[in-house]
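*Asks:* Could you have a look at this structure, given as structure tokens, before my questions?
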Amino acid sequence: MVEDMTVRRVIAQHDAHGHARFAIDERLEPSPIGARGSSNATVWATDRAPADNQDPRDLAGSLTGLGMDGGTAIRVINVSPGEETPMHRTISVDYVVITHGSIDLELDGGDVRTLHAGDVVVQRGTSHRWINRSGDWARMVAVLVSAAPVVIDGSVLAEVHI
């Protein structure tokens, strides 16, 4: 089991003299998702890419969807045993690292892959869901980078929220 659902975030930035300093060192309480105790913590978000490292704003609290339109976001997701997310799509490139346990990734075309700690997934605007069929918690770290929407036969594939 993931012993501690909180996420420690440590943010480093420059002071007025150009020296690197720790600006934030705190624990985030994840927000509940799903019916079985799963949770999600957005660690940081930017409103553009490339990001402005002189802008001290943390935009994580202003996310309205799963990603940040035109920017980036990093999330830690804890998925409880037996939990299944709804099918969803982000207008982003998502780099997902499984850091604990195992979890199935199902695509809307029916393909399924079982992923284990240390595996990395690159989601390129695809519609997908996560299913934890194991008896243990799964933890993932996801970095979302805004992308142009996918267009198939002249139709834009829209973002689908959880």
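*Asks:* Mind checking which pairs have a first residue in segment 107-132 that is closer than 21 Å to ALA148 by Cα and a second that is modelled with pLDDT of 95 or more and aromatic (Phe, Trp, Tyr), Cβ under 7 Å, 6 or more apart or different chains?
*Replies:* Between residues of segment 107-132 that are closer than 21 Å to ALA148 by Cα and residues that are modelled with pLDDT of 95 or more and aromatic (Phe, Trp, Tyr), the close pairs are VAL122/TYR95.
*Asks:* Another question about this same structure. Between residues in segment 1-20 that are closer than 18 Å to TRP44 by Cα and at pLDDT below 95 and residues that are open to solvent by less than 60 Å² (accessible area, probe 1.4 Å) and among the hydroxyl-bearing types (Ser, Thr, Tyr), which pairs lie under 6 Å by C-beta distance while being six or more apart or on different chains?
*Replies:* MET5/SER39
*Asks:* Name the single residue, out of those in segment 122-139 being surrounded by fewer than 16 Cβ atoms within 10 Å (Cβ to Cβ) and outside any loop (DSSP other than H, G, I, E, B), that is farthest from the chain's Cα centre (by Cα).
*Replies:* The selected residue is ARG124.
*Asks:* A further question on this structure: Condition test on ALA142, is it of a type in the set (Gly, Ala, Ser), at pLDDT below 95 and surrounded by 15 or more Cβ atoms within 10 Å (Cβ to Cβ)?
*Replies:* It is false that ALA142 is of a type in the set (Gly, Ala, Ser), at pLDDT below 95 and surrounded by 15 or more Cβ atoms within 10 Å (Cβ to Cβ).
Conditions tested, residue by residue: (1) in a strand (DSSP E or B); (2) acidic (Asp, Glu); (3) closer than 24 Å to GLU84 by Cβ.
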| site | (1), (2), (3) |
| --- | --- |
| GLN13 | yes, no, no |
| HIS17 | no, no, no |
| ARG27 | yes, no, no |
| GLY34 | no, no, yes |
| ASN40 | yes, no, yes |
| ARG48 | no, no, no |
| ASP52 | no, yes, no |
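*Asks:* Going through PRO32, PRO50 one at a time, which residue ends up being free of Cβ contacts under 8 Å to residues at least 40 places away in the same chain and touching a strand residue (DSSP E or B) at 6+ places or on another chain (Cβ under 6 Å)?
*Replies:* None of the other options fit; the residue is PRO32.
*Asks:* As an exercise: evaluate ASP47 against (1) acidic (Asp, Glu); (2) closer than 26 Å to VAL121 by Cβ; (3) at pLDDT 90 or above and give the number of the one condition it does not meet.
*Replies:* The failed condition is (3).
*Asks:* Could you count how many residues in segment 140-162 are closer than 30 Å to ALA51 by Cβ, outside any strand (DSSP E or B) and of a type outside the set (A, V, I, L, M, F, W, C)?
*Replies:* Count: 3.
*Asks:* Please indicate, with yes or no, whether at least one residue in segment 74-83 is open to solvent by 60 Å² or more (accessible area, probe 1.4 Å), at pLDDT 90 or above and part of a strand (DSSP E or B).
*Replies:* no
*Asks:* Collect the residues in segment 103-114 that are crowded, with 16+ Cβ neighbours inside 10 Å and not charged (D, E, K, R), keeping them in residue-number order.
*Replies:* If the condition is that a residue be crowded, with 16+ Cβ neighbours inside 10 Å and not charged (D, E, K, R), then ILE103, LEU105 are the ones that fit.
*Asks:* Here's something else I'd like to know. Out of the residues in segment 150-161 that are touching a residue at least 40 places away in the same chain (Cβ under 8 Å) and loosely packed, with under 14 Cβ neighbours inside 10 Å, state the one that is nearest to ALA41 (Cα to Cα).
*Replies:* Top of the filtered list is HIS161.
The values are calculated or read from the model by the stated rules, or taken from the named source; none is laboratory data. Just so it is clear, the structure is predicted and the values come from calculations on it, not from any experiment. Every residue, glycine among them, receives a Cβ derived from its backbone with ideal geometry; neighbour counts consider all protein chains shown. The area values use the complete protein model at the heavy-atom level, side chains included, leaving out ligands, DNA and RNA. Shrake-Rupley method; radii C 1.70, N 1.55, O 1.52, S 1.80 Å.
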